[in-house]
Amino acid sequence: MLALLQLFLAIVAIYSALTIEEEMRLIIPLVCLVFMFSVGRLEKRRSEKNKARKDYLKSEMDKISQKESKTIKEQDFFTVETLFWPKNEMLLLDTVHSIFKDLGFLISPGIQYQSVDRILKIPETQRSFGLQVMMYEGEADRNHPKIHRVFQFEKEKRDNEKSLIIASTHIHLPIAQREGKSHISKELIDLLVRYDIRFITAHHLYELWQKAKRGEINIFNFFDKIYSRQGIAVSPLPFPEPPIH
């Protein structure tokens, strides 16, 4: 877009120099050249900002995976950035949706419910989750506005459906500063266990996604176990996968 604007200004400058008489013949091309210089600087700043962002993401993903980030695909940058540093919950929801779809789950809007973000079905089973996606500046707690929607779904759900929360926590912190942080409050843990509600951090979802893509785990079996038993997977990467209680 900026390149097209520069081209347009160049055309205006040349046209003005050839057709306009007297002092305006110089003034208009000069103004266009000043604008072209300014646009060029904006383009350079944007390019430098994009490069810095990619370098930062590569560095952060190195810390996550402890592997060479050169293998990261270009299209994965937006997914990872939105999962770990979401700008809003709608983008985070779209990213979580795309991850589950990539893993082969059946995921769709909860048309029959007003209280869930998505309905997530485990293939070749009758088991489903009412999915709620949340973001927190700190640890996950019961004060998030969507928590009341979780309990609304608990009242409306069918026998083969259970609630599942995916939460991106400490969204303003670099990966290194998240280590050792609490990602869910004790109060929320007690509440979720009491009502048999499942919970997974965005960190853990990313780890599961990568392990499934590498063929290291059967992702459907993993979520089947979460469905069958209470599951609160709160550990961030690169810590080992926590047990499902």
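Taking the stretch 160-193, which residues are touching a helix residue (DSSP H, G or I) at 6+ places or on another chain (Cβ under 7 Å) and part of a helix (DSSP H, G or I)?
Ile175, Ala176
Report, by residue number, each residue of the stretch 197-245 that is in contact with a strand residue (DSSP E or B) (Cβ under 9 Å, 6 or more places away or on another chain), at pLDDT 90 or above and assigned to a loop (DSSP other than H, G, I, E, B).
Within the stretch 197-245, Ile197 is the sole residue that qualifies.
Return yes when Ile165 is closer than 17 Å to Glu89 by Cα and surrounded by 21 or more Cβ atoms within 10 Å (Cβ to Cβ) and no when it is not. Step through it out loud before you land on a result.
Working: closer than 17 Å to Glu89 by Cα: yes; surrounded by 21 or more Cβ atoms within 10 Å (Cβ to Cβ): yes.
Against the criterion (closer than 17 Å to Glu89 by Cα and surrounded by 21 or more Cβ atoms within 10 Å (Cβ to Cβ)), Ile165 qualifies.
Restricting the stretch 110-122 to residues that are surrounded by 12 or more Cβ atoms within 10 Å (Cβ to Cβ) and assigned to a loop (DSSP other than H, G, I, E, B), which is nearest to the chain's Cα centre (by Cα)? Spell out how you get there, then give the answer.
Taking the stretch 110-122 first, the residues surrounded by 12 or more Cβ atoms within 10 Å (Cβ to Cβ) are 110, 113, 115-122.
With assigned to a loop (DSSP other than H, G, I, E, B) added as a condition, the list becomes 110, 113, 115-117, 122.
Values: Gly110: 20, Tyr113: 24, Ser115: 21, Val116: 18, Asp117: 15, Ile122: 22 Å.
Only one residue tops the list, namely Asp117.
For the stretch 133-176, give me the residue count where each residue is closer than 22 Å to Phe84 by Cβ and among the basic types (Lys, Arg).
Residues that pass the stated criteria total 1.
Checking His97 against (1) over 24 Å from Ile171 (Cβ atoms); (2) part of a helix (DSSP H, G or I), which test does it fail?
Here His97 meets the rest and fails (1).
Conditions first: (1) closer than 22 Å to Pro174 by Cβ; (2) loosely packed, with under 15 Cβ neighbours inside 10 Å; (3) modelled with pLDDT of 95 or more. Gln66 passes all but one, so which condition is the exception?
Unmet for Gln66, out of (1) closer than 22 Å to Pro174 by Cβ; (2) loosely packed, with under 15 Cβ neighbours inside 10 Å; (3) modelled with pLDDT of 95 or more: (3).
Is it fair to say Leu192 is in contact (Cβ under 8 Å) with a residue 24 or more places away in the chain, surrounded by 13 or more Cβ atoms within 10 Å (Cβ to Cβ), under 23 Å from Asp224 (Cα atoms) and under 18 Å from the mean Cα position of the chain (by Cα)? I'd like the intermediate steps shown before the answer.
Details: in contact (Cβ under 8 Å) with a residue 24 or more places away in the chain: yes; surrounded by 13 or more Cβ atoms within 10 Å (Cβ to Cβ): yes; under 23 Å from Asp224 (Cα atoms): yes; under 18 Å from the mean Cα position of the chain (by Cα): no.
No; evaluated as a whole, the condition is false for this residue.
The values are calculated or read from the model by the stated rules, or taken from the named source; none is laboratory data. Owing to the predicted nature of the structure, the values given are computational and were not obtained by experimental measurement. Because the Cβ atoms are built from the backbone with ideal geometry, glycine has one as well, and the counts that use them run over all protein chains shown.
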